[in-house]
Amino acid sequence: MARWIYQRPIERCDPTELLVAKRLALLSDGWVIHWGFYYDSDREGDFLILGPTGGVLVLEVKGGELRKLSTTGRWEGPDRDHPLTQLSAEWHAIIVRLQETADGNAVPFVAKVIGIPVAKIAAPAVTTPAATSTKSTAAVAPKQPKPEEKKWAMSGRRDPFFSPVVQQNGSGCATGKKCLEIGAINLRGVVKSDAGFIAVVTNNLNKAYFLRENDPVFNGYVVKITGDSVVFQETIQDKLGKSFTREVVKRIFTPAV
């Protein structure tokens, strides 16, 4: 049979504890049952059980009448001590004590359970409704809600009568290299100077311009000039107006002079 450690005199035990003790007495060898233990200076738990594999169980026994308070929804006993709050305090205290005495060793698993072998569940208190008038009143049909007036807001939305396709009509410029469209540029030659390469380009009207690295044009700028090519960074838009960039290389077949 199990080994018992009595901390609480039988005459001080609640009848419900005696019922639980009779069940625990059926446990076999290897179990140790501590009946009555202090988890605080003035707070006492019911059963502390050590299993044959090293696990620990904190068992709190409750009996009598439990009632559910409608205002809080909590189960409370006649002594106003919430059973689950008390059980959690016992369980936490045991874990802390084991950790303090472990001396670096592993702490056993500690479980907790509340036992209610005999309990009367009291019906929740029913609030008496306020006195109502005894005069009969005619049934009134529920008022139909007024249909909500539909409102249309165009803020943040695309005008459905405006085409999302972006019309691209060229640079709109007349003169100057800032009006050069990369697609219409023809590379005629590259001149090597002390400051670097200079590209000689023409537009569709065969008008010549001189470009250096980092010079801006209508839809991009010059990234790099080599002896036989010019690299542009072109900014373009798709038909929906989304912008993106790409690299365009213009080449000549006559080397730099």
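The values are calculated or read from the model by the stated rules, or taken from the named source; none is laboratory data. Source: prediction; values computed, not measured. Here Cβ is always computed from backbone atoms with ideal geometry, including for glycine, and neighbour counts include all displayed protein chains.
Residue pairs whose Cβ atoms lie under 9 Å apart, sitting 6 or more positions apart in sequence or on different chains, and linking a residue in segment 85-104 that is assigned by TED's automatic domain parsing to the domain that holds Y38 to a partner that is exposed (fewer than 11 other Cβ atoms within 10 Å of the Cβ), are A89/D40; E90/D40; A93/D40.
Residue-by-condition table, conditions (1) aliphatic (A, V, I, L, M); (2) modelled with pLDDT under 85; (3) over 36 Å from the mean Cα position of the chain (by Cα):
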| position | (1), (2), (3) |
| --- | --- |
| C13 | no, yes, yes |
| D40 | no, yes, yes |
| R43 | no, yes, yes |
| K68 | no, yes, no |
| P83 | no, yes, no |
| V110 | yes, no, no |
| V113 | yes, no, no |
